[in-house]
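The values are calculated or read from the model by the stated rules, or taken from the named source; none is laboratory data. Since this is a predicted model, take the numbers as computed values, not measurements. Heads up, the Cβs are rebuilt from the backbone with ideal geometry, glycines too, and the neighbour counts pull from every protein chain shown. We work out accessible area using only protein heavy atoms, side chains counted, and drop any ligands, DNA or RNA first. Shrake-Rupley method; radii C 1.70, N 1.55, O 1.52, S 1.80 Å.
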Amino acid sequence: MSAIALNNSTGIDFFGMNNTVSMELLYSENIRVIIIVLISLLIVLTVLGNILVMLAFILDKRLRTQSNFFLLNLAICDFLLGAVAIPLYVPYMLTGKWIFGRFLCKLWLVVDYTMCTASAFNVALISYDRFLCVTMAVLYRSLQKRHSQTVFKMLIVWILSFLLYSPAILLWENIVGYSNIPEDLCIAEFHYTWYFLLVASSIGFALPFISISFFNLSLYWNITKRSRKKRHSLAQLAGKKENNVSSYIIATNFILANGKSNGQQDYKSPMQRKQQSGGRTRSSSKQNEGVHSGDLHVIKLSRDKKVAQSLAILVCVFGICWAPYTFLMSIRAACHGYCIDSYWYDVTFWLLWINSAINPVLYPLCHKQFRSAFLRVFLHMCLWKTVQ
């Protein structure tokens, strides 16, 4: 979300003075070059990384599951931030003036605020989806084939994200009857309206963060509880095996005591041998079924642990990137920019955009399917270059 800092070293608010300051006055030549290189790198990583995710969905049909469609929705948000919001901000930051007119200013603000909010809502939706997958597996499998519900949830994310900030961006000056924003600045009319920002940030960040924290803690508790039950059942199974071994030893000693080990064997009719063999076969098959069922439980538990770990990483990155901006934005609005040095605001909202570049990197790290799909994309690209 854009929040260009227009404060000088003395803490005087240039916005209140209807003035602007360019990057040339704030930074030396070397610092400007470093900043431009870093921003360019961020744009390239964000755009290419999220394009890679979208291409993976096109080439690999195995990725087209409900949970992965929510990841695709997140990738679209991050792509639009990298392709539209950040590039338009660069000349604004370099010159300290908005040179594209009021219409593009409104459009840029709508895209910026909507995409950032949609990114937060998508992370909450992904967390909810993983929560259902682990804790309500039967219900989750029944929902997999309902593609209309998947599309509906994705659309709800976009609609709510748009309604949270965009009407205020477009209609604020019409409602209050005036505008205090100079022509060469591009900031929202509610830039210093602390009560609006407090409510909007609570919905846009606090509510999703509380939700994903709840889902993540619930997953952790569910997996921990199942792990304890599994260890208890394995301990009981080990105890039964020890008892069975002891009974075999006692039986052997009994046979030796009766002198039946000196080459003497009880005569059994063919029917008795067949019944005994059939009994051993049924017992063996039951044991195999038990082992097979236990293996399935272990595999599912291991898979759920990986799901929880990947979700925990996504949540932690989300919290680190979003919490500072939300906190400082409310403080800025309450004290009209006089409380904290301007560079802290710059750091916090750049963290939001960095999150859009990090998300595509998290997919292959946390999901084996994405790693193989990304590899297929690279192979197709290499083959295409060879043909050309």
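Take the alpha carbon atoms of segment 55-81, find their center, do the same for segment 122-185, and report the distance between the two centers in whole angstrom.
16
So which of K153/K368; K145/K368; K153/K229; K106/K153; K225/K368 end up more than 30 Å apart by C-alpha? Before the final figure, lay out the partial values.
Values: K153/K368 25 Å; K145/K368 22 Å; K153/K229 35 Å; K106/K153 27 Å; K225/K368 26 Å.
From the list (K153/K368; K145/K368; K153/K229; K106/K153; K225/K368), the Cα-Cα distance tops 30 Å for K153/K229.
When only the heavy atoms of the protein chains count and the probe is 1.4 Å, how do E29, E189 rank by accessible area, highest first?
The ranking, largest first, comes out as E29, E189.
Order the peptides 62-71, 35-44 from the highest to the lowest mean number of other Cβ atoms within 10 Å of their residues.
On the way: 62-71: 18.1, 35-44: 14.0.
So the order, starting with the most tightly packed, is 62-71, 35-44.
On a full-extension model of 0.36 nm per residue, what is the gain between L48 and I354, subtracting their alpha-carbon distance, rounded to one decimal in nm? Walk me through the numbers on the way to the answer.
Values: separation 306, 0.36 × 306 = 110.16 nm, distance 1.37 nm.
Gain in length upon complete extension: 108.8 nm.
Over the heavy atoms of K229, what accessible area does a 1.4 Å probe trace out, to the nearest 10 Å²?
130
Could you order F215, F103 so the one with the most accessible surface comes first? Probe is 1.4 Å. Don't jump to the answer; show the numbers that get you there.
Numbers: F215 30, F103 160 Å².
Result, largest first: F103, F215.
Once ligands and nucleic acids are excluded and a 1.4 Å probe is used, how much of T348 is accessible, expressed in Å² to the nearest 10?
Per-residue accessible area (T348): approximately 10 Å².
Compute the distance in nm between two label points, each set 7 Å from the Cα along the Cα-to-Cβ direction, one at I31 and one at L160.
4.1
Decide, for segment 69-117, between rounded, prolate and oblate: order the square roots of the alpha carbon gyration tensor eigenvalues as a ≥ b ≥ c, take rounded if a/c falls under 1.5, and otherwise choose prolate if a/b is larger than b/c, else oblate. Numbers along the way, then the final one.
Values: a/c = 3.56, a/b = 2.19, b/c = 1.63.
Prolate is the answer for segment 69-117, as a/c is 1.5 or above and a/b outweighs b/c.
When a/c is below 1.5 the answer is rounded, else prolate if a/b is larger than b/c, else oblate, so apply that to segment 135-201 with a ≥ b ≥ c taken from the square roots of the Cα gyration tensor eigenvalues.
Numbers: a/c = 4.44, a/b = 3.12, b/c = 1.42.
Verdict is prolate for segment 135-201.
Per-residue HN-Hα couplings for segment 59-67, Karplus 6.51 cos²θ - 1.76 cosθ + 1.60 at θ = phi - 60°, whole Hz, x for Gly and Pro?
3J(HN,Hα) across segment 59-67, in whole Hz: 8, 10, 5, 5, 7, 7, 9, 4, 4.
Between S218 and D184, what length in nm is gained on full extension when 0.36 nm per residue of separation is reduced by their alpha carbon distance?
Values: separation 34, 0.36 × 34 = 12.24 nm, distance 4.89 nm.
The S218-D184 span can extend by a further 7.3 nm.
Leaving out ligands, DNA and RNA but keeping every protein chain, what accessible area does F214 have, in Å² rounded to the nearest 10, with a 1.4 Å probe?
Solvent-accessible area, nearest 10 Å²: 120 Å².
Which sequence of H367, H380, H191 reflects their accessible areas, 1.4 Å probe, from the largest down?
Values: H367 35, H380 85, H191 15 Å².
Per-residue accessible area, sorted high to low, gives H380, H367, H191.
Assuming a ≥ b ≥ c are the square roots of the Cα gyration tensor eigenvalues, decide whether segment 41-184 counts as rounded (a/c under 1.5), prolate (otherwise, with a/b larger than b/c) or oblate. Intermediate values should be presented prior to the final figure.
Numbers: a/c = 3.44, a/b = 1.78, b/c = 1.93.
Cα axes put segment 41-184 in the oblate bin.
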